[in-house]
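First up is the structure itself, then whatever we jot down about it.
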Amino acid sequence: MAVKIGLLALMASLLVAAAVPQAISERPGFRATLIRREKAINFTRAMQQSHERLSMFTARLDAAAGRVSTQTPLRWDGAGAYDMEFSMGTPPQKLTALADTGSDLIWAKCGACASCAPQGSPSYYPDKSSSFSKLPCSSDGLCGALKSESVVTCGAGGAECDYRYSYGLANDGHHYTKGYMGTETFTLGGAAAPGVGFGCTNMSEGNYGTGSGLVGLGRGKVSLVSQLDVGAFSYCLAPDTSKASPLLFGPMASLSGPGVQTTPLLPSNVFYGVNLKSITIGGATTTPGTDASDGGIVFDSGTTLTFLADPAYTAAKAALLSRMTALPRASDRDGFEACFQDSDSGGSVDVPTMVLHFDGADMDLPPANYFQEVAEGVLCWIVQPSHSRTSIIGNIMQMNYHVRHDLEKSVLSFQPANCDSL
């Protein structure tokens, strides 16, 4: 009897251990590389791209809240965003695709794909891979998650999980990807991740830059982060846009040492929003922050500029203008409303400090993260008014920070860093 009891106890302990998720430190880590498409920032294009992406975010937040969106259709060209380098298949086929923290679906152009955008970039060929398999419509996991979003139909008598995934507004029929779901081995750095679900696209319309598709890094079930089951990921955007930036998953996405700040993530199915309580400009703290009920302020790697909704924007701009007395004003341009003549300083002008105050965390920004020369001899504050409920921290403001997204603990952490050394 004692032996039986001992065996039962052992089996019970094994079952309990199997039911407990692995800690992030015990899971496999992955390292990928981010490449900025535009090596030099064109601020006119950056303004257009950033506003279009702001419209997409606002439309999705409005839809989630049951509001009718008044945003304009999305015509995002991906300028100023980052491509992720990776491989698919066995043997590996090298590709690049837009890395997007604002969406979930992973997809790549499949085969010749004559009706796909963009043209001229490499495609993935499933018939050349021994590890590819189609995902049936009966799949409860990935196909079921897409069914819940009403973006799939059952094709080929149920043998295919066919999708049509749209970006931007529901009434914008010109920015989408369409195909069938499959699973494949993804290689990130030198590490292979088998069985990753993705969209094998045979038709797409829109502007996705120069890559072969898109890698969703959002908080939903079909994103790469969720499928790798790594619990967390991080990136560090190098200020030199000609250099590669690291994208890290699992235990590789760790922050330690002095300067680590952590703030809770707000509830969301996709976006990485946090509560911005206030902003300090030149030692003066503005009381308005962002409304948590409208998603707070979103950390987004795919938006170049930073946007603040009112009253936060108006208060921060007024504080900045009252303290920016070293240079004469220049005329507004490309949506920038705080510009200054800087023809004689040689780039050494002092600007007011800017600190973002979140719940339990403060981001003391380097001047280059919020002031840039947008034209010859013209220095501008690269924060723009949102004209909607949505606020976004763009990728310029995140440069020189190691930013970590912990999906399991629902927190976002950041730390000043030399991205070249990670």
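Summary of computed values
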| read-out | value |
| --- | --- |
| Against the rule of thumb 2.2 N^0.38 Å, how large the Cα Rg of region 274-398 comes out | 1.00 |
| Helix-only [θ]222 nm of the chain, DSSP H runs n ≥ 4, -39500 (n - 2.57) each, per residue, nearest 500 | -5000 deg cm²/dmol |
| Across the chain: Cys residues that no other cysteine approaches within a C-beta distance under 4.7 Å | none |
| At 0.890 mPa s and 25 °C, Stokes diffusion of region 186-274 via Kirkwood alpha-carbon radius, µm² per second | 156 µm²/s |
| Highest-fluctuation residue, THR241, THR390, THR306 considered, GNM on the chain with Cα pairs under 10 Å | THR241 |
| Carbon + sulfur, % of accessible area of the chain - ligands and nucleic acids excluded, 1.4 Å | 55 percent |
| Stokes-Einstein D in µm²/s, Kirkwood radius over Cα pairs - region 106-248 at 37 °C with 0.692 mPa s viscosity | 204 µm²/s |
| Taking N as its residue count, the alpha carbon Rg of region 288-331 over 2.2 N^0.38 Å | 1.44 |
| Cβ-based net charge around THR262, under 13 Å, with every Lys or Arg adding one and every Asp or Glu removing one | -1 |
| Kirkwood-based shape ratio for region 246-288, expressed as Rg/Rh from alpha carbons | 1.08 |
| Solvent exposure, largest accessible area first (probe 1.4 Å, DNA, RNA and ligands not counted), of ASP140, ASP310, ASP362, ASP162 | ASP140, ASP310, ASP362, ASP162 |
| Between region 94-143 and region 331-399, the alpha-carbon center distance in angstrom | 37 Å |
| DSSP bridge pairs, the chain: antiparallel proportion in percent, nearest 5 | 85 percent |
| Residue-normalised accessible area of the chain, given per residue in Å² at a 1.4 Å probe | 41 Å² |
| Surrounding net charge for GLY283, when Lys and Arg each add one and Asp and Glu each subtract one, Cβ distance under 14 Å | -2 |
| Ellipsoid semi-axes in whole angstrom, largest first, where each is sqrt(5λ) of the Cα gyration tensor of region 117-196 | 23, 19, 13 |
| Contact order relative to length of the chain, as percent, for alpha carbon pairs under 8 angstrom and 6 or more apart | 18 percent |
| Surface accessible to a 1.4 Å probe, HIS357 within the full protein complex, Å² | 40 Å² |
| Members of LYS94/LYS147; LYS39/LYS94; LYS109/LYS317 lying beyond 32 Å, as alpha-carbon distances in this model show | LYS109/LYS317 |
| Mean projected area in nm² (Cα convex hull; one quarter of hull surface) for region 332-411 | 6.8 nm² |
| Label of the coordinate-derived value, Kirkwood radius over Cα pairs in Å, listed as (i) 31.9; (ii) 22.6; (iii) 25.1 | (ii) |
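The values are calculated or read from the model by the stated rules, or taken from the named source; none is laboratory data. This is a predicted model, so every value here is computed, not measured. Note: ideal-geometry Cβ built from the backbone for every residue, glycine included; neighbour counts use all protein chains shown. These area figures cover heavy atoms from the full protein model, side chains too; ligands, DNA and RNA do not enter into them. Shrake-Rupley method; radii C 1.70, N 1.55, O 1.52, S 1.80 Å.
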